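*Asks:* Here you go, one structure.
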Amino acid sequence: MPAGDGSRIPGRNEREAGFTLLEILVVVAILGLLIGLVAPAALRQLGGARVSVARQSVERLSSVLDLYKLDVGGYPTTEEGLGALVQKPVGAVNWNGPYLKGDQIPLDPWNHPYLYHSPSSRSGHEFDICSRGPAAQSGEPAQDTLICNP
């Protein structure tokens, strides 16, 4: 063995010093397969999380509307909408708001405004507050995609 500076590894020649193109391609293919299998499951979880957040937000807004009713004596009209929780409506006596933080009405997880109707079009409810859900379109949403107050 020749005397040297120690930079060479004994038993390996210069041709074995790096990865071959085939080894790199195998690793890239394996990573591609893993991403292909994991990404759809992760996206499904994200979609499910948005639906869960929308349900929780609808319930929270329903509770805030109940507080509004205790103070004012009734729920905001459809024309007043959820804006009545942020700014005092004309003629509202005993308004004790704002009932929501900030000066804007919250949006659903898909960045669309919540739908609010009072009185409710459903029996057994005094008001309707709904998110259009993941299939939100600019037109009138289908009833089966709405996420509404229970």
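*Asks:* Quickly run through the stretch 70-105 and pick out the residues that are touching a residue at least 12 places away in the same chain (Cβ under 8 Å) and part of a helix (DSSP H, G or I).
*Replies:* Scanning the stretch 70-105 gives Asp71, Val72, Gly81, Leu82, Gly83, Ala84, Leu85.
*Asks:* Of the numbered conditions (1) at pLDDT below 80; (2) over 30 Å from Asn149 (Cα atoms), Val28 satisfies every one except a single condition; which is it?
*Replies:* Unmet condition: (1).
Listed here are the residues, each with its yes/no results for (1) farther than 16 Å from Ile147 by Cα; (2) in contact with an Asp or Glu (Cβ under 8 Å, 6 or more places away or on another chain).
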| site | (1), (2) |
| --- | --- |
| Ala41 | yes, no |
| Ala54 | no, yes |
| Glu59 | no, no |
| Glu80 | yes, no |
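The values are calculated or read from the model by the stated rules, or taken from the named source; none is laboratory data. Being a predicted model, the structure only gives us computed values, none of them experimental. So basically every Cβ, Gly included, is an ideal-geometry build from the backbone, and we count neighbours across all protein chains shown.
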